[in-house]
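**Student:** The structure's right below; bear with me while I get my questions together.
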Amino acid sequence: MTTLDARFGAALADLCEEAADLVRPLWKSGLVVDRKSDDSPVTEADRRAETLILAGLARLAPEVPVVSEEHASEFGAPGRIGRAFLLVDPIDGTKAFVRGDPNFTVNIGLIVDGVPVAGAISAPATGETWFTTGQGVLKRINGGAAASVRVRVWPEGAAIALVSHTMKPQTLQALADRYGFHGTDAMDSSIKFCRLAEGAADIYPRHGPTMEWDIAAGHAILAAAGGRVEAEDGGPFLYGKAKAGFLNGGFVARGG
């Protein structure tokens, strides 16, 4: 039986890095961009990475069901799910990948009883990988030695929010007034959770929709590093919303 706790993150990290190695040569290679039914982009890189990850998870954890983005997009998400399952996003930030920007990631998260308990994220463009352990979160770069990371204490007067590139100025000001941050950094993908987890920023408010596979791994990493993710109303942010197609509502991710 697979170890269904934070320690599984190390195995997931190895698999994320395998997928990152596959994806990296395809970045900036002029891949054809197709459109899914929701008009979001998908490329051969997404499909190849997902195939690799699903095969790896079948070896690592054959007893744990998997919900993955491209499979769900093509065949539909399951209408029900068990207490333990895996969420896979083979490339989170496909729009950034297509533009040639570096902030796209490979994500795998493990959910138990609605809570993300283990996760790994790899950033193919930079070689960075973050993953949960029994003692917190480790980060390694290009397969080097892993080092512990942790959120930072909220810096009064200098807090940084991570936001979308396309956020309108009036929306940004409303968020600053509500949450009290002072500066911003715009980037795509779940790497925002990792930057919070390693103390490079302080808050990531997301009031628009996401899918569970977009953020589960990042949520697990941030929580293990001392941060938290809350629903927009301040309540717990849970997973396994099969009847809603694994669609999320708004949330706020925080560092220390």
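Rule-based calculations on the coordinates, nothing more; no lab input. Here the structure is a predicted model, which means the values were calculated and not measured. Cβ coordinates were reconstructed from backbone atoms using ideal geometry, including for glycine residues, and neighbour counts include every protein chain displayed.
**Student:** Stretched out fully, how many nm does the piece from Arg59 to Glu156 gain, at 0.36 nm a residue minus the Cα gap?
**Tutor:** In short, 30.2 nm is gained.
**Student:** Here's something else I'd like to know. Could you calculate the contour length gain from Gln135 to Glu74, that is, 0.36 nm times the residue separation minus the distance between their Cα atoms, to one decimal place in nm?
**Tutor:** Working: separation 61, 0.36 × 61 = 21.96 nm, distance 3.77 nm.
Going from the current span to full extension adds 18.2 nm.
**Student:** Among Tyr179, Tyr239, rank each residue by its count of other Cβ atoms within 10 Å, from fewest to most, as a rough exposure measure.
**Tutor:** Values: Tyr179 15, Tyr239 23.
Listed from fewest to most nearby Cβ atoms, that is Tyr179, Tyr239.
**Student:** How large is the convex hull of the Cα atoms of the chain per residue, expressed in Å³ as a whole number? Could the numbers behind the result be given before it?
**Tutor:** Values: hull volume 30.4 nm³, N = 256.
Roughly 119 Å³ of hull volume per residue.
**Student:** When the Karplus curve 6.51 cos²θ - 1.76 cosθ + 1.60 is applied with θ = phi - 60°, which whole-Hz ³J(HN,Hα) does each residue of the stretch 11-21 get, with x for Gly and Pro?
**Tutor:** 3J(HN,Hα) across the stretch 11-21, in whole Hz: 5, 5, 4, 4, 5, 4, 5, 4, 5, 4, 5.
**Student:** Using only alpha carbon pairs under 8 Å that are at least six residues apart, calculate the relative contact order of the stretch 160-254 and give it in whole percent. Mind dumping the intermediate values first?
**Tutor:** Numbers: 143 pairs, mean separation 28.6, N = 95.
Answer for the stretch 160-254 is 30 percent.
**Student:** Does the stretch 6-149 come out rounded, prolate or oblate by the C-alpha gyration tensor, with a ≥ b ≥ c the root eigenvalues, rounded set by a/c under 1.5 and, if not, prolate when a/b is larger than b/c and oblate if not?
**Tutor:** Numbers: a/c = 2.02, a/b = 1.11, b/c = 1.82.
It is oblate, given that a/c is not under 1.5 and a/b is not larger than b/c.
**Student:** So who's got an amide H within less than 5 Å of the one on Thr133, skipping anything under 5 residues away but keeping other chains? H placed 1.01 Å off N, in plane.
**Tutor:** When sequence neighbours closer than 5 places are left aside, the close amide H contacts are Leu138.
**Student:** Quick one: what Rg and Dmax do you get for the stretch 2-73 from the alpha carbons, in Å?
**Tutor:** Cα-based Rg and Dmax for the stretch 2-73 come out at 13.8, 40 Å.
**Student:** Here is a further query. Starting from one equal scatterer on each C-alpha and no solvent at all, send me the Debye-based log10 I(q)/I(0) for the stretch 128-190 at q = 0.13, 0.18, 0.24 Å⁻¹, two decimals.
**Tutor:** -0.53, -0.82, -0.99
**Student:** Right, something else. Given +1 on the Cβ of Lys and Arg, -1 on the Cβ of Asp and Glu, and no further charges, what dipole in debye does the stretch 6-149 carry about its Cα centre, rounded to the nearest 20?
**Tutor:** 240
**Student:** On to the next question. Only Cα pairs within less than 10 Å get springs; with that Gaussian network setup on the chain, which residue of Ala13, Ala77, Ala225 has the largest fluctuation?
**Tutor:** Among Ala13, Ala77, Ala225, the largest GNM mean-square fluctuation belongs to Ala77.
**Student:** Show me the three semi-axes of the equivalent ellipsoid for the stretch 41-115, from the C-alpha gyration tensor (sqrt of 5 times each eigenvalue), largest first, rounded to whole Å.
**Tutor:** 23, 12, 12
**Student:** While we're on this one: Report relative contact order for the stretch 105-169 in percent, whole number only (criteria: Cα-Cα under 8 Å, sequence separation at least 6).
**Tutor:** Numbers: 78 pairs, mean separation 11.0, N = 65.
It comes to 17 percent, rounded to a whole number.
**Student:** Then there is this: Which one, Ile215, Pro102, Phe237, projects farthest toward the positive side of the charge dipole computed for the chain from Cβ point charges (K/R +1, D/E -1)?
**Tutor:** Farthest along the dipole direction, towards plus: Phe237.
**Student:** Please sort by residue number the GluC sites (Glu not before Pro) in the stretch 1-98 whose DSSP state is loop and whose Cβ has at most 11 other Cβ atoms within 10 Å.
**Tutor:** Passing sites in the stretch 1-98 are Glu63.
**Student:** Placing +1 on the Cβ of each Lys and Arg and -1 on the Cβ of each Asp and Glu in the chain, which of Val252, Pro78, Pro124 has its Cα farthest towards the positive end of the resulting dipole?
**Tutor:** Val252
**Student:** A further question follows. Per 0.36 nm of contour for each residue apart, how much would the distance between Leu31 and His165 grow if the chain were fully extended, relative to their Cα-Cα spacing? Mind dumping the intermediate values first?
**Tutor:** Details: separation 134, 0.36 × 134 = 48.24 nm, distance 2.30 nm.
Here the answer is 45.9 nm.
**Student:** Sort Arg47, Arg206 by Cβ crowding within 10 Å, fewest neighbours at the top.
**Tutor:** Ranking Arg47, Arg206 by Cβ neighbours within 10 Å, fewest first, gives Arg47, Arg206.
**Student:** I've got another one for you. Who wins for biggest fluctuation among Ser164, Ser29, Ser148 in a Gaussian network model of the chain, springs between alpha carbons below 10 Å?
**Tutor:** It is Ser29.
**Student:** Give the span of the stretch 104-256's Cα atoms along each principal axis, as three whole-Å numbers ordered largest to smallest.
**Tutor:** 41, 39, 26
**Student:** Another question, then. What is the spin-label model distance, in nm, from Asp177 to Ala145 if the labels are put 7 Å beyond Cα along the C-beta direction?
**Tutor:** Each label point is offset 7 Å from its Cα along the Cβ direction, giving 5.0 nm.
**Student:** Based on DSSP H runs of at least 4 residues, each adding -39500 (n - 2.57), what is the mean residue ellipticity at 222 nm of the chain after dividing by all its residues, to the nearest 500 deg cm²/dmol?
**Tutor:** On the way: 7 runs with 76 residues, N = 256.
Here the helix-only value at 222 nm equals -9000 deg cm²/dmol.
**Student:** For Arg152, what residues show an amide H to amide H distance below 5 Å, using hydrogens built from the backbone and excluding near sequence neighbours?
**Tutor:** Residues meeting the criterion, in which the H sits 1.01 Å from N, are Gly199, Gly256.
**Student:** For the stretch 82-88, what does the Karplus curve 6.51 cos²θ - 1.76 cosθ + 1.60, with θ = phi - 60°, yield as ³J(HN,Hα) per residue in whole Hz, taken in order and with x for Gly and Pro?
**Tutor:** Listing the rounded values in order: x, 5, 10, 7, 10, 10, 10 Hz.
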